[in-house]
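**Student:** My questions will all concern the structure given below.
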Amino acid sequence: MNLIRLGRLTGDPRREEAAAALGRAFAGPLQRIPSAHAQWMIALELLAGPCREVVIAGRPGEKDTIEMLAVLGRSYLPGMTVLLRPEGEEAPAVTEIAPFTREMRAIKGRAAAYVCSGFTCRRPVTDPRELEELLGSV
């Protein structure tokens, strides 16, 4: 599952291909270990579904950033990858891993949430209630 997420975040299809190859390699053992089926199904859903991300651009530990992250914590978001893009750092590490976050910033000093599908992002929101509404429509 992590290879799939990493492939989507970095835009490197080789990681998703490696995840698919691992799946094929472990298909036999999965039949012998029924308890592993749930995690396998989650990974398959992630692989087959759309690439969806939420990026919170804000200062870690600040009230507005925490409120945005709390909305995500209360929401059921299968297949959604959540990233925190720290505000105030020249080149945060997340921009190296997920280059599409490079231009994402807080707006007028407030944490901003960017809801994306396939690396195409909707207009960012700074109000937690707006984020909740936006998540309900994706």
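**Student:** Taking the Cα centre of segment 52-136 as origin, sum charge times position over the Cβ atoms of Lys and Arg (+1) and Asp and Glu (-1), and report the length of that vector in debye to the nearest 20. Write out the running numbers ahead of the final one.
**Tutor:** Details: 12 positive and 13 negative charges, 32 e Å.
That gives segment 52-136 a dipole magnitude of about 160 debye.
**Student:** Could I ask something else about it? If each of Glu96 and Ser75 carries a label point 7 Å out from its Cα toward its Cβ, how far apart are those two points in nm?
**Tutor:** Going by the 7 Å Cα→Cβ label model, 2.9 nm.
**Student:** Could you pull out every Cys in the chain that lacks a partner Cys with its beta carbon under 4.7 Å away?
**Tutor:** Here Cys51 come out as lacking a disulfide-compatible partner, given the Cβ-Cβ threshold of under 4.7 Å.
**Student:** Let me ask something additional. Gain in length, Arg24 to Ile66, computed as 0.36 nm per residue apart minus the alpha-carbon separation, to one decimal in nm? Please report the intermediate quantities before stating the final value.
**Tutor:** Values: separation 42, 0.36 × 42 = 15.12 nm, distance 3.98 nm.
Additional length available on full extension: 11.1 nm.
**Student:** What is the extension gain from Ser117 to Gln31, computed as 0.36 nm multiplied by their sequence separation minus the C-alpha to C-alpha distance, in nm to one decimal? It would help to have the intermediate numbers written out before the result.
**Tutor:** On the way: separation 86, 0.36 × 86 = 30.96 nm, distance 3.32 nm.
Extra length from Ser117 to Gln31 when fully extended: 27.6 nm.
**Student:** May I ask for the equivalent-ellipsoid semi-axes of segment 52-136, computed as the square root of five times each C-alpha gyration tensor eigenvalue and listed largest first in whole Å? Can you show the working numbers first?
**Tutor:** Numbers: eigenvalues 64, 48, 24 Å².
In descending order the semi-axes read 18, 15, 11 Å.
**Student:** Could you tell me which of Thr10, Cys116, Gln39 has its Cα farthest along the dipole of the chain towards the positive end, charges placed at Cβ (Lys, Arg +1; Asp, Glu -1), taken about the Cα centre?
**Tutor:** Gln39
**Student:** Could I have the simple spin-label model distance between Ala38 and Ile107, label points 7 Å from Cα toward Cβ, reported in nm to one decimal?
**Tutor:** Placing both labels 7 Å along Cα→Cβ, they lie 3.8 nm apart.
**Student:** Hey, another quick one. Pairing the Cα long axis of helix 63-74 with the longest principal axis of the chain, what angle in degrees results, from 0 to 90 and rounded to the nearest 10?
**Tutor:** 30 degrees
**Student:** In whole Å, how far is the Cα centre of segment 79-101 from that of segment 102-138?
**Tutor:** Spelled out, the Cα-based centre of one part sits 14 Å from the other.
**Student:** Could I ask something else about it? Count charges around Arg52 for me, please; just the other residues with Cβ under 13 Å from its Cβ, Lys/Arg as +1, Asp/Glu as -1. Could the numbers behind the result be given before it?
**Tutor:** Numbers: positive: Arg5, Arg8, Arg122; negative: Glu45, Glu53.
It works out to a net charge of +1.
Bear in mind that the values in this text are calculations on the coordinates, not laboratory data. As the structure is a prediction and not an experimental result, all values here were calculated from the model. Neighbour counts are summed over all protein chains in view; Cβ atoms, including those assigned to glycine, are modelled from backbone coordinates with ideal geometry.
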